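Heads up: the structure comes next, in structure tokens.
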Amino acid sequence: MLEIGLVMLQGSRQAHIDAIRRASERMGFEVNIREIRTPDDLLESTLHALILPGGESTTMRKVGGQGGTGVLEHIYRELREKPNFPVLATCAGAILLADPQDGGPSIIKATVDRNGWGRQIDSFLGTVSLNDQDEHFECAFIRAPRFTSASKECTIAKVGDEPVGVRENNLIALTFHPELSTSTIFHEMLLEAAAANGDRVKA
Amino acid sequence: MASIDLGSMKHGQELLKRGFATMQEGGVIMDVVNAEEAAIAEESGAVAVMALERVPADIRSAGGVARMSHPDMIKGILETTTIPVMAKARIGHEDEARVLQSLGVDMIDESEVLTPADPFYHINKKAFDIPFVCGCTNLGEAVRRISEGAAMIRTKGEAGTGNVVSAVQHSRIVTAEIEHLRESDNFESIVDVIMEGYHRVKSATSLGFIPKMTPFGSMDDLRREVESVTEDVKELGRLPVVTFSAGGISTPADAALMMRQGMDGVFVGSGIFKSSDPQRTAEAIVLATHSYNDPEAVAEASAMIGEPMPGLEIETLAVRMEDRGW
């Protein structure tokens, strides 16, 4: 059984739950989704992977920061201590990892410009290609952030020449919303990393 | 850095519109009347701001025809705010909506808080590239708005009153009607009732007929769309778009009440900037909306605020905004 923590601060949470379910069915993994709202939720669970959904990063910092539940500081600390821990961070989640604003170093090296494409009128469906595969996926970029620096070695997903996804160890950060597309490839990537880290149970 | 040619990309699709609404889930959308208030809202953790010239409580006391806000006022907020900015168009006023889209707002609220411009029809929202949120008091209204292209629904409540009773009424009615739809085996007759909302011309015309054409295409095509949305509701057991509560929410406990009734988030209009300490009230409502299931956290949030906005009894109102739109 893989325990997948879903950080419930705000935003596109239900869509990630649905996507993880679809991915685990495809792969034949048994998955339990743990909703992470408070530091206790994090400390009391043994997780194999974590998902940081998209939404508004300013709101997430407020409700998960010092004035709120304080869960973000705990997540950042865990991720700094365990650099191999599997994480899927989408859109606002990627912003938090690139710029945690808790006084500590960034969790991923890539830097991100928030709302790098503009407003909602500029939101678009982009054809995302993966480095090592011929397949393409149509994915939603919604008031999306934009990588301002991403090393070639870490870039795993592109639209044209533009990097839109990076992977550093098992930290996967995407500027788009794979949870809103029909392909579950990025959620499968996360489960693959989670299974390699923990015990794998075939359904 | 290489670049994407935005002009060659697909914009304005349903997925992007509904996807935008999905990113609002669990959040608080706050009414603001200038850039300073927008900054307070953003700082307090609002997930978006609604830019308008007067909050509903002031619209209510001013009376007269309430219209779209001045473009300069909306631009001032767009220029200084990093979170999404929404603005209100009158019900059925397609040209106010076109102006708002051209200004660059992220979402349009086709709102009963303003005076309706069309006595028969709402805006054809599918003709726009940016998403719309619309109000509802019952399932039929919600289904009609989604069929017309709304990417998000908010229950109407009674804006500008600081009284949560109408918000609760509309949330309970929508929930009960969805339950009824799921249990009923008379799907077509429910669709018939929902379609009656498009027959308002009949009672106004001297010839007593139902027009074959609507702003949303032919009445037959519209019915197919209504059927499809109603099927979605029946299958999902909820509205197929993000659903917020609005109209009268003014305390952290009000927000928690609506979240526990299954709402995806809340709009707070007059409740924040008509309170004694707007910043604290805004932060407290954001925290309570997030931690709605934890009474200790809601208690902490409730202790943060000073005096909430003064409230109004629904029975004493001269204008019931919830009755606008159909």
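Taken over the range B:304-325, residues that are more than 14 Å from chain A (Cβ to nearest Cβ) and in a helix (DSSP H, G or I) amount to 6.
Hey, can you tell me all the residues within the range B:118-138 that are more than 18 Å from A:Ile142 (Cα to Cα) and of a type in the set (A, V, I, L, M, F, W, C)? Across the range B:118-138, the qualifying residues are B:Phe120, B:Ile123, B:Ala127, B:Cys134, B:Cys136. Against the definition (surrounded by 14 or more Cβ atoms within 10 Å (Cβ to Cβ) and assigned to a loop (DSSP other than H, G, I, E, B)), how does B:Ile130 come out, yes or no? Considered against the rule, which asks whether it is surrounded by 14 or more Cβ atoms within 10 Å (Cβ to Cβ) and assigned to a loop (DSSP other than H, G, I, E, B), B:Ile130 comes out as yes. Within the range B:305-321, restricting attention to residues that are β-branched (Val, Ile, Thr) and closer than 17 Å to B:Ala62 by Cα, the residue that is surrounded by the fewest Cβ atoms within 10 Å (Cβ to Cβ) is B:Thr316. Against the test of being among the basic types (Lys, Arg) and under 26 Å from A:Arg143 (Cα atoms), the options A:Arg26, A:Arg13 yield a single qualifying residue, A:Arg13. Cβ separations smaller than 8 Å between residues 6+ apart or across chains give the following pairs from the range A:102-123 residues that are within 22 Å of A:Thr155 (Cβ to Cβ) and within 10 Å of chain B (Cβ to nearest Cβ) to residues that are hydroxyl-bearing (Ser, Thr, Tyr) and part of a helix (DSSP H, G or I): A:Arg114/A:Ser57. Looking at the range A:61-73, is at least one residue over 24 Å from B:Thr22 (Cα atoms), of a type outside the set (A, V, I, L, M), away from chain B (no Cβ under 14 Å) and crowded, with 17+ Cβ neighbours inside 10 Å? Yes: one or more hits. Restricted to the range A:157-173, and to residues there that are within 14 Å of chain B (Cβ to nearest Cβ) and out of contact with any Leu (no Cβ under 7 Å at 6 or more places or on another chain), the residue that is surrounded by the most Cβ atoms within 10 Å (Cβ to Cβ) is A:Val166. The number of residues in the range B:46-66 being over 17 Å from B:Ser250 (Cβ atoms), modelled with pLDDT of 95 or more and part of a loop (DSSP other than H, G, I, E, B) comes to 1. Annotation: A:His136 fulfils all but one of (1) farther than 21 Å from A:Gly54 by Cα; (2) modelled with pLDDT of 95 or more; the unmet one is (2). All of B:Lys234, B:Lys202 fail the test of being touching a residue at least 12 places away in the same chain (Cβ under 8 Å) and surrounded by fewer than 21 Cβ atoms within 10 Å (Cβ to Cβ), apart from B:Lys234.
The values are calculated or read from the model by the stated rules, or taken from the named source; none is laboratory data. Treat the numbers as computed from the prediction; the structure is a model and nothing was measured. All Cβ positions, even for glycine, are placed from backbone atoms using ideal geometry, and neighbour counts span all protein chains on display.
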